[in-house]
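Here is the structure we will look at, set down as structure tokens.
The values are calculated or read from the model by the stated rules, or taken from the named source; none is laboratory data. Note that this is a predicted model, so its numbers are computed, not measured. Virtual Cβ from ideal backbone geometry, glycine too; neighbours counted across all protein chains shown. Surface accessibility is based on the protein's heavy atoms, side chains included, excluding ligands, DNA and RNA. Shrake-Rupley method; radii C 1.70, N 1.55, O 1.52, S 1.80 Å.
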Amino acid sequence: MLWRFIFFFSFQAVGGLVGWWQAQLWGVAVGICIATWCWFLWDLWRGNRVLRWLRLGDPQLAPRLRGLWGEAADRARRLLRQSQLQIDASDARLHEILSALQASPNGVVLLDGEGHIEWCNQTAEGHFGFDVERDLMQSIGNLVRDPDFTRYLNTQDFSRPVILQGRSSTASRPVRISVQLHPYGDGRKLLLSQDITALEQAEAMRRDFVANVSHEIRTPLTVLMGFVETLQTLPLTEDERQRYLGMMSQQSARMHSVVQDLLTLSRLEGSPLPGMNEWIQVKALLLRSEEEARGLSATLLASQNKQHDIVYPSAEDMLGAGQIAGVVAELQSALSNLVNNAVRYTPAGGSIHVRWESLENGGARFSVTDTGAGISPEHLPRLTERFYRVDRSRSRETGGTGLGLAIVKHAVQRHGATLQISSVQGKGSTFAVVFPASRIRANKLPSVVRPPASIQPMADASVH
Ligand code: ADP
């Protein structure tokens, strides 16, 4: 500031001196006056340059000036740069927050005080069928027309979510969305939506499962209680007593099988995946299943003239099948269940053909083909559901629990294998398991395979 005065007075002094030189006293007055005006106009021009630059607001274009205006411009430039940095930092932060919201698996919609959409992420677009470009600043009440949502908006009670049909919902693929509003700030609202289709399905499955288990246990239990009451209250002959006790034993065996199969399933779901350390002779698995199948067939057809024609690979072919990596009890349970089902659902005189084939890709295919009743196509996709039975009475008569194929599916999936089912009603069925190459290896030396005494079938996989 001091320099500004010194400069101003120097300017006037120079004006005065030039005036004196030209016209003595009058010249001094006029010289000082002209010098003052010149200085004023020059200062105005400098100030105007600063103002013009400030109007543009670009720190890069700051005028290079000295003196007071130079310092003012410099300070303004620094302040501008500082606020520009702050704006950039908050822009980056906002961008990060919006990216995080965009990545959210839930739908997020930001609403202003009047319920207009200010922003929404892609998940919300999918849930409600919004189009960010088109629907920005539109009222949510106009876009989501579900009566339940309108009621929810009108009641203004947002303590609970409301369940709506998703925009992509169809009769065959229903989509259920849970939507909740969370008020915040100055009348604004955050709308969160979540796809709960899978959750609802899992809950429905859990309910069905509990109902099925209760039913499966309650039926034999009721019969058992009836027999106990009869034994307690009625005077029975020894023959009748023995007959009742036999039937009671059947019912308790049925309950036992259901409980054992349920335990097997829960063990399959809960245990770690089978490793690649344990190699089992395929021959041992096949021999064991053959033994069981022939035993079951003999029991089921004890009173019949005709028997089953059960065909297995020759001992040599069984040996050539090599080895398989996995959990012996699970593999045995899967293979035996399939062969036993073929025995159970094939009438006397029918044939059951068991094969083990090596595949070109190094994998292997185990298959059981029977000439039984077969299964009509609409049942095929549901066969591996728990307690799903096509032929209920045949299943019960032959000691089935409705869990056998569910166990097979789990056991083979855990070994990276797939279960394939093909069937023609009235002609028969083929159940096959395709094992990946990684789990199959050839026998190095012809080894002597002992009968499978060491193989304990899954204690809880009921033998069908
Ligand atoms: P279950 O204990 O009732 O046999 P599974 O899960 O083993 O239960 O099989 C489910 C249903 O699939 C059976 O109830 C039966 O109707 C049908 N099924 C299974 N295997 C065969 C087969 N080889 N031939 C015909 N139907 C079969």
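Results, tabulated for the structure shown:
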read-out	value
Strands (runs of 3 or more DSSP E) enclosed by the range 233-331 - at least 1 residues per element that are aromatic (Phe, Trp, Tyr) and open to solvent by 60 Å² or more (accessible area, probe 1.4 Å)	279-281
Qualifying residue in the range 391-410 (condition: surrounded by fewer than 18 Cβ atoms within 10 Å (Cβ to Cβ) and in a loop (DSSP other than H, G, I, E, B))	yes
Given (1) of a type outside the set (Lys, Arg); (2) open to solvent by 50 Å² or more (accessible area, probe 1.4 Å); (3) over 30 Å from Ala442 (Cα atoms), index of the condition Phe387 fails	(2)
Near pairs, Cβ below 9 angstrom, 6+ apart or cross-chain, from the range 396-409 (free of Cβ contacts under 8 Å to residues at least 40 places away in the same chain and under 16 Å from Ala432 (Cβ atoms)) to any residue that is more than 8 Å from the ligand (Cβ to nearest atom) and part of a helix (DSSP H, G or I)	Lys409/Ala334
Hits in the range 363-410 - residues which are polar (S, T, N, Q), at pLDDT below 95 and within 8 Å of the ligand (Cβ to nearest atom)	Ser395, Thr398, Thr401
Top-ranked residue in the range 332-359 [being over 22 Å from Gly416 (Cα atoms) and outside any loop (DSSP other than H, G, I, E, B); ranked as most open to solvent (accessible area, probe 1.4 Å)]	His353
Elements of type helices (runs of 4 or more DSSP H) in the range 123-201, at least 2 residues being farther than 25 Å from Ala100 by Cα and among the hydroxyl-bearing types (Ser, Thr, Tyr)	147-155
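Rundown of residues vs (1) modelled with pLDDT of 95 or more; (2) open to solvent by 20 Å² or more (accessible area, probe 1.4 Å); (3) part of a loop (DSSP other than H, G, I, E, B), yes/no style:
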residue	(1), (2), (3)
Val412	yes, no, no
Gly426	no, yes, yes
Thr430	yes, yes, no
Leu445	no, yes, yes
Arg450	no, yes, yes
Gln456	no, yes, yes
Ala459	no, yes, yes
